[in-house]
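Reviewing the structure listed below.
Throughout, read-outs are computed from the coordinates displayed, never taken from laboratory work. The structure displayed is predicted, hence computed values, not measured ones. When we count neighbours, we look across all protein chains shown, and the Cβ atoms used for this are built from the backbone with ideal geometry, even at glycine.
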Amino acid sequence: MSREGGGSGTVDGDETIDDDGTTDDDGSTDDDGTTNGSRTADDETRRTRTERFLVDVMCGTLATYLRFCGYDAAYALDRGVEDDDRIASIAAAEDRTLLTRDRELAERVDGALLLESRDPADQLAELADAGVAIEIAETPRRCGRCNGRLDRVSDTPNRPAYVPSEGSVWRCRDCGQWFWKGSHWRDVRARIGAARST
Ligand SMILES: [Zn+2]
C-alpha cells in the first residue's frame, strides 16, 4: 500500500516542510548561543507537560512515532538543520524539548533529554521513563511524514483510489498526505505499545 500523497508534489523537498514559519527568528539569540536568563518556565514540570519536541538528526523514526502519539515533533533534518548551534537556538526559540543522542549537545540545551539507545522503540521507552506519555493518538493529529496538522476529511469526492472508501480519513494540511487507520497505523500502534511495556 502506497503511503505517498497522490499528486501532492514534492516528497522529500524542504519546501513542503516549512510548517510554522517559526524557524527564522534566531536573531534574538546571541552568536555564542547564550540566552540564559530568559527562560521563565518551571523546568521541573515542563518536561512532562510539554507537547513540543525537537528531534535531533539520526532519530527520525522516533520523530515519526512521536507524531503518531499526537506530539508536535519537529525533526532537525526536516528543517535542513544539522548544526548544533542552530539546533540549540530552534529548541529555545520554539520552546521545544530537544531529544538527542549527543551528550555534549544535551548538556548545552535547557531541558534536553539525552537518549542512550539507538533503537527507536528503546528510545520511546526512555521517553516513557522520563515521564513523557507514550501512547498512540486514537485520533491522528500530526502527519508522520512532515509533522503538519491533520484534518479529518468527511466529504471526499477527491479521495484518491488508494485511500479506503470507508472509514475515517485525515489529510495533512502541509504536504497533502492522506492518513487512515490501516495496516501501517496498526503496525505503529503495536510498536509503540511494545515500547511502553518494556
Ligand atoms: Zn504532512
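Observations, loosely collected:
- Percent RCO, i.e. relative contact order, over the range 131-198, from Cα pairs under 8 Å lying at least 6 residues apart: 31
- At most 14 other Cβ within 10 Å, DSSP loop - trypsin sites (Lys or Arg not before Pro), the range 104-198: R118, R173
- As a ratio to 2.2 N^0.38 Å, the alpha-carbon radius of gyration for the range 65-198 is 1.17.
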